[in-house]
Amino acid sequence: MNKKILIVDDVELSLEILMNVISDLDEEVSIHTSVNAYDAKDKINKNEYDLIVMDIMMPDGDGFELLNIMSEAKISSKIIMLSGLDKNILSSASMLGKLYELNIVASLEKPFVAEDMLLLIRNELNSGSKKEGVKSLKVLSEDDHYPICLMYQPQIDTSTGGVVGFEILSRWLDSDGALLPPSSFLPLINQFNKQKNFTKLVLEQFVKDYLQFFSGVDKSIRFAINIDPNLLVDDDVSNCIVALKEFGVMNPIVVELTENNISDDIQKEFLTSVLRLRLQGVELSIDDFGVDFSNVDRVIKLPINEIKVDKKITKGFQYNADYMDYIKKVVSLASSKNARVVYEGVETLKVKNLLEEHEGYYQQGYFHSVPILPSLLPTYLMNNNENMM
């Protein structure tokens, strides 16, 4: 039976080049073409394609609409995405397709090399069934693959120069090896209500990193992870955090919460959950404190161990008297809760020194270190210890 390929592209030259590439295949292939998402929808409803090659930018129904259409149709075809747009847009579009649980096998920039495209199409047409390789976020098991890489940014006690903690930061590992920041993928994670599965995946990856690279680090060093506060009312998520110790994580765990994300509808359940975590030895930090001048009354009711001052305040307090007054209030609040204060966004020696003048010794930011790959963290700690001697 002949294999079927659908090409979706509104540019006549691109269609012609792709058709010429496919004509060089060693097997009989039926080629269908469409110029936009809605034209493609009609063909998808009438045919079962082995491969779909699609552009992103098209008038009257672009590639993003086509991804939605294919998801609703629950197609299993392999998909190659093309675009002459910014590389980050192409990467995010590819990720969007995976969040739609489509079988995205490649994303290529235009103009492409015809020989490379021929090799790719030939390999995909002959590399197993169309459904092979489709990964779902619905169930996270050892067989699931979601290209998340963790990095670790040090938190420094500048009074000693020593490392007191690391913030765990997630990155999306693109097909070409680029690490995309959270702003490129977290909005899509939220849009598709995948926060719980994503959080569990990050926790699982942290355990792997810890056992491979961190088990020998000083046991006083804290590891902080940012978690949506609305997830903490889910016992499954809370249990995963508590279970980190059972899986071999011996260092203190800090759960960072953004205070203004706490829903008013779950305050009782949320407080119950964080109290249970605290009883299990998990520390609690209020992240991005200072954004829109956070609700101090609500924060003071929480069993916090730490307040992280938002980088906007850290960077601006030297020029803004209101920010300076706010930092004094934060320090007073932290003192009343017997909590430490960590300043994010320290990027210059001047800011570091100014913070120290106000006893702001716990600092995090690019001045001290960029986020570090887990494999490099032991060497970083060893060099840090040598510099302290």
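The values are calculated or read from the model by the stated rules, or taken from the named source; none is laboratory data. Source: prediction; values computed, not measured. In this analysis, Cβ positions are derived from the backbone assuming ideal geometry, glycine residues included, and neighbour counts consider all displayed protein chains. What goes into the accessible areas is simple: the full protein's heavy atoms, side chains included, and nothing from ligands, DNA or RNA. Shrake-Rupley method; radii C 1.70, N 1.55, O 1.52, S 1.80 Å.
Things worth noting here:
- Of Ser369, Ser336, Asn239, farthest towards positive along the dipole that unit charges on Lys, Arg, Asp, Glu beta carbons give the chain: Ser336
- Cα gyration tensor shape of segment 164-244, rounded if a/c is under 1.5, else prolate or oblate by comparing a/b with b/c: oblate
- Amide H to amide H distances under 5 Å link Thr33 with Ile7, where only residues 5 or more positions off or on other chains count and H is placed in the peptide plane.
- Summary value for the chain: 12 percent relative contact order, contacts being C-alpha pairs under 8 angstrom separated by 6+ residues.
- Tensor-based shape of the chain (alpha-carbon gyration tensor, a/c under 1.5 rounded, otherwise prolate or oblate): prolate
- Taken per residue, the accessible surface of the chain reaches 49 Å², heavy atoms only and a 1.4 Å probe.
- Dipole moment magnitude, nearest 20 debye, the chain about Cα centre, only Lys, Arg, Asp, Glu C-beta charged: 1300
- Under 23 Å from Lys46, Cα to Cα: lysines that are on another chain or at least 8 residues apart: Lys3, Lys4, Lys74, Lys78, Lys130, Lys131
- Cα shape, segment 29-81, gyration tensor, a/c 1.5 rule: rounded
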